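Inspection log for the structure reproduced underneath, given as structure tokens.
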């Protein structure tokens, strides 16, 4: 699996005490750290998802025991913590092959389903994978869902009938399009297309559909709609040209495409799409002006759309001296939204800041806070019932990748003087 690069900056004006040493702000608000934990697993770990448990603790899922040469290797990794992020237990699932945990959902019966991909000795390519475990992490079943090409899984949702919708990419490794490590590309070596796989409640495949436009498309986010269909967000890449588009696809309960919308002005990369309280949807990502090849011009992008995909408003926020992308995204209890991301001078350097930005219901920035940190890829963000925020992702500690879980205190006005 080739990870998508997540990069963004947030403009600041003056330092305050905050989430970590060096936190900065624009507005007179401050977030104080309640606690921060890292989880390194065996030789490093990558975070795919985080969920709140009924007792106030957390589940984190992802991958550990990772290796890329001479052979690809990895185990799905599940951690159960208490309410302060301290590890209660941890489990790995896999074997002598490659398994990668991308997302996780709490099921209607109280169990967990982890979605990802697997490369086993019995297969010739990378297959989609579902793993169901109980609340204590004991395996209930697992399913490999392979096709003729590679499947790279991004998200999983449980449908109203108890089955699962896997939101993925189908990738043709024989159709090489780019070096996946190229700055600004953030994709796979082979050409990809959006792919949906629908299963029953026991993980058996019911249908799969791909939405191949003949271009190279990278799935980034998606959600179920109230009628049993889905919205899927993707980025259409035009590598090696410095150009990319946003695409939003609407499908019915059988996976048949109803419509799609594209935003083509400048370079646009999608990160998340979430449902708003008013029934509309908010997209987060990044924007670079047309004809610009300098990725330090990349700014935060927010687009609110109605249920037919038509733009209600669009907001671009950024500093021309920094690379900026709004990645993890969540609605807040006051009708606004919060995004987390990574801020740096360009797409290559690892130095920079981790950032939070709060916007109101119309997309106007209320406050921004940044703190020095190495490159962090955020995979989960949600508001705690106490008004603070919970942020999960993958960072680096002593040059080893590890999961990170941060809990903030509720935001408060900074004292003047």
*Output the strands (runs of 3 or more DSSP E) that fall wholly within region 231-281 and possess 2 or more residues being crowded, with 22+ Cβ neighbours inside 10 Å, or say none.*
244-251, 267-275
*asked:* On the basis of being within 19 Å of the chain's Cα centre (by Cα) and at pLDDT below 80, does residue 343 make the cut?
replied: yes
*Kindly provide the set of residues from region 106-126 that are surrounded by fewer than 19 Cβ atoms within 10 Å (Cβ to Cβ) and in a loop (DSSP other than H, G, I, E, B), ordered by number.*
107, 108, 109, 110, 111, 120, 121, 122, 123, 124, 125
*Assess whether residue 222 counts as being modelled with pLDDT under 95, within 29 Å of residue 104 (Cβ to Cβ) and part of a strand (DSSP E or B).*
no
*Would you say residue 147 is on the phi > 0 side of the Ramachandran plot and over 19 Å from the mean Cα position of the chain (by Cα)?*
no
*asked:* Here's a check for you: in region 49-77, which residue that is more than 30 Å from residue 385 (Cβ to Cβ) and outside any strand (DSSP E or B) is modelled with the lowest pLDDT?
replied: 69
*Please work out if residue 10 is at pLDDT below 90 and closer than 26 Å to residue 369 by Cα.*
yes
_Based on this model, can you work out whether residue 319 counts as at pLDDT below 95, in a loop (DSSP other than H, G, I, E, B), over 17 Å from the mean Cα position of the chain (by Cα) and closer than 24 Å to residue 381 by Cβ?_
yes
*Residues that are more than 15 Å from residue 77 (Cβ to Cβ) and surrounded by fewer than 16 Cβ atoms within 10 Å (Cβ to Cβ), drawn from region 127-143*: 134, 135, 136, 138, 140, 141
_Residue in region 346-366 that is nearest to the chain's Cα centre (by Cα), counting only those that are part of a strand (DSSP E or B) and at pLDDT 90 or above_ = 357
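Residue-wise test of (1) within 18 Å of the chain's Cα centre (by Cα); (2) farther than 30 Å from residue 159 by Cα.
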position	(1), (2)
86	no, yes
91	no, no
103	yes, no
114	yes, no
127	no, no
_Scan of region 45-68 for residues that are over 29 Å from residue 359 (Cβ atoms) and surrounded by 20 or more Cβ atoms within 10 Å (Cβ to Cβ), ordered by number_ = 45, 63, 64, 66
*Matching option when the condition is touching a helix residue (DSSP H, G or I) at 6+ places or on another chain (Cβ under 8 Å) and either without any contact (Cβ under 8 Å) to a residue 40 or more places away in the chain or buried (at least 17 other Cβ atoms within 10 Å of the Cβ) (or both), among 192, 184, 203*: 184
_All but one of (1) at pLDDT 95 or above; (2) at positive phi hold for residue 291; state the number of the condition that does not hold._
(1)
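Conditions (1) in contact (Cβ under 8 Å) with a residue 24 or more places away in the chain; (2) more than 30 Å from residue 33 (Cα to Cα); (3) part of a loop (DSSP other than H, G, I, E, B), marked per residue:
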site: 92; (1), (2), (3): yes, no, no
site: 96; (1), (2), (3): yes, yes, yes
site: 104; (1), (2), (3): yes, no, no
site: 129; (1), (2), (3): yes, yes, no
site: 132; (1), (2), (3): yes, yes, no
site: 142; (1), (2), (3): yes, yes, no
site: 147; (1), (2), (3): yes, yes, yes
site: 154; (1), (2), (3): yes, no, no
site: 168; (1), (2), (3): yes, yes, no
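The values are calculated or read from the model by the stated rules, or taken from the named source; none is laboratory data. Owing to the predicted nature of the structure, the values given are computational and were not obtained by experimental measurement. Every residue, glycine as well, gets a Cβ built from its backbone with ideal geometry; the counts of neighbours run over all protein chains shown.
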